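One structure below.
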Ligand code: NDP
């Protein structure tokens with residue numbers, strides 16, 4: 001055994017609806033010795049992302065469900081603390097899919113592990129606007145949404161890391177950009193700090209009327225992050241030729257029976273003139289990982305992409321932080337700080 005003790009959060013029982021006490025459990029185990037070719041990584045920052053909730057269900061989506069007793073999946077920024085691989089040296093900083101744990105052992109040739117090139121931005125930004133959510137927003141908007149200057153782009157979950165990048169990128173492309181977010185404070189941030197043209201608070205009532213007022217020329221691109229009432233309000237305002245990249249629909253992630261959910265595919269597919277719409281996965285552009293990460297990191301460093309983050313301290317607080325994120329209690333990227 002090595003000198004380290006690992007703390008990890010495992011799936012003890014599949015949640016039915018919202019996560020309850022005992023569904024996810026924090027456990028401890030010694031870290032074993034490294035074998036030849038392996039690398040030991042200390043987690044510094046853990047990313048909490050909405051996609052983790054559907055993966056706790058016993059339903060095959062675009063990825064396999066997490067098994068009972070397995071560590072909850074997740075990406076982190078970590079430091080190599082021991083290496084028996086020629087590919088990594090002690091002290092290297094990486095992003096990797098460690099899961100919700102303080103240490104992880106990976107093969108030195110594991111896929112989806114990237115060394116972080118220092119670009120003068122905070123390390124944890126590589127889990128947010130300069131990381132997977134940022135690439136999701138950028139690629140989904142540019143390659144699926146295909147916005148043109150002068151068009152109106154609407155994005156939901158506008159203050160989160162995906163929405164933040166979608167909106168600021170669309171502004172740079174010359175679009176009118178309207179966010180949808182929960183609460184006055186988030187909407188004010190989206191307009192005043194991020195520079196969107198308007199932001200509609202879907203929790204304030206009058207969603208349809210307020211969205212129509214913010215989009216006097218209709219909607220050309222709707223970047224779908226939430227589903228539900230927001231999608232239904234958007235559907236009435238879509239222009240002919242509009243595009244809807246379906247990134248996710250977080251309003252349904254805690255549903256007790258996913259088969260009863262009216263998804264964005266139902267909402268947009270049944271329209272008389274449906275928009276061009278499809279689900280996409282950020283990994284469609286995995287071959288551009290390094291290039292787009294560099295592009296976003298430079299935009300963060302230059303101040304062209306602004307963002308907020310919410311930090312939970314320590315793995316002990318990860319479960320509550322995750323439950324809160326699915327209800328919008330996060331303001332910007334939700335992270336867990338594990339170590340320096
Ligand atoms: P966020 O940090 O924006 O967190 C989720 C947000 O969803 C909450 O803060 C909340 O914001 C909003 N929300 C929660 N419940 C509801 C509801 N009932 N109605 C409307 N909004 C709600 O998340 P991310 O930026 O990380 O992710 C955004 C979306 O992108 C998610 O759907 C996620 O699954 C998807 N995604 C997809 C990927 C892909 O490859 N397809 C990759 C990465 C992310 P508010 O307070 O404003 O309501």
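The values are calculated or read from the model by the stated rules, or taken from the named source; none is laboratory data. Being a predicted model, the structure only gives us computed values, none of them experimental. Neighbour counts run over all protein chains shown; Cβ positions are idealised from the backbone, glycine included.
Computed values, structure above
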read-out	value
Search result, residues across the stretch 123-134 that are surrounded by 24 or more Cβ atoms within 10 Å (Cβ to Cβ) and either part of a helix (DSSP H, G or I) or at pLDDT below 95 (or both)	125, 126, 127, 133, 134
Test: residue 256 is over 21 Å from the mean Cα position of the chain (by Cα), under 21 Å from residue 15 (Cα atoms), more than 11 Å from the ligand (Cβ to nearest atom) and in contact (Cβ under 8 Å) with a residue 24 or more places away in the chain	yes
Any pair with Cβ under 6 angstrom, 6 or more apart, that starts in the stretch 47-62 at a residue that is over 14 Å from residue 13 (Cβ atoms) and modelled with pLDDT of 95 or more and ends at one that is within 9 Å of the ligand (Cβ to nearest atom) and part of a strand (DSSP E or B)	48/334
Among the candidates 142, 166, 129, 73, residue that is under 13 Å from residue 296 (Cβ atoms) and out of contact with any strand residue (DSSP E or B) (no Cβ under 8 Å at 6 or more places or on another chain)	142
Residues satisfying the stated conditions in the stretch 265-318, i.e. within 30 Å of residue 188 (Cα to Cα), out of contact with any strand residue (DSSP E or B) (no Cβ under 9 Å at 6 or more places or on another chain) and in a loop (DSSP other than H, G, I, E, B)	281, 302, 303, 304, 305, 306
Flag for residue 303 being on the phi > 0 side of the Ramachandran plot and in the same structural domain as residue 190 (by TED's automatic domain parsing)	no
Boolean, residue 241 is near the ligand (Cβ under 9 Å from one of its atoms), touching a strand residue (DSSP E or B) at 6+ places or on another chain (Cβ under 9 Å) and farther than 21 Å from residue 136 by Cα	no
Tally, over the stretch 319-340, of residues that are within 7 Å of the ligand (Cβ to nearest atom) and outside any loop (DSSP other than H, G, I, E, B)	3
Pick from the stretch 2-41, criterion in contact (Cβ under 8 Å) with a residue 12 or more places away in the chain and at positive phi, ranking: surrounded by the fewest Cβ atoms within 10 Å (Cβ to Cβ)	17
Subset of the stretch 95-122 (residues that are in contact (Cβ under 8 Å) with a residue 40 or more places away in the chain, assigned to a strand (DSSP E or B) and under 25 Å from residue 24 (Cβ atoms))	96, 101, 103, 104, 105, 106
Residues that are without any contact (Cβ under 8 Å) to a residue 40 or more places away in the chain and either within 21 Å of residue 248 (Cβ to Cβ) or crowded, with 19+ Cβ neighbours inside 10 Å (or both), drawn from the stretch 146-168	167
Candidate set from the stretch 259-285 (those that are away from the ligand (no atom under 11 Å from the Cβ), under 24 Å from the mean Cα position of the chain (by Cα) and under 28 Å from residue 16 (Cβ atoms)); member that is surrounded by the fewest Cβ atoms within 10 Å (Cβ to Cβ)	259
Helices (runs of 4 or more DSSP H) wholly inside the stretch 172-264 that include at least 2 residues being touching a helix residue (DSSP H, G or I) at 6+ places or on another chain (Cβ under 6 Å)	207-214, 228-235
Any hit, the stretch 212-226, residues being surrounded by fewer than 24 Cβ atoms within 10 Å (Cβ to Cβ) and within 14 Å of the ligand (Cβ to nearest atom)	no
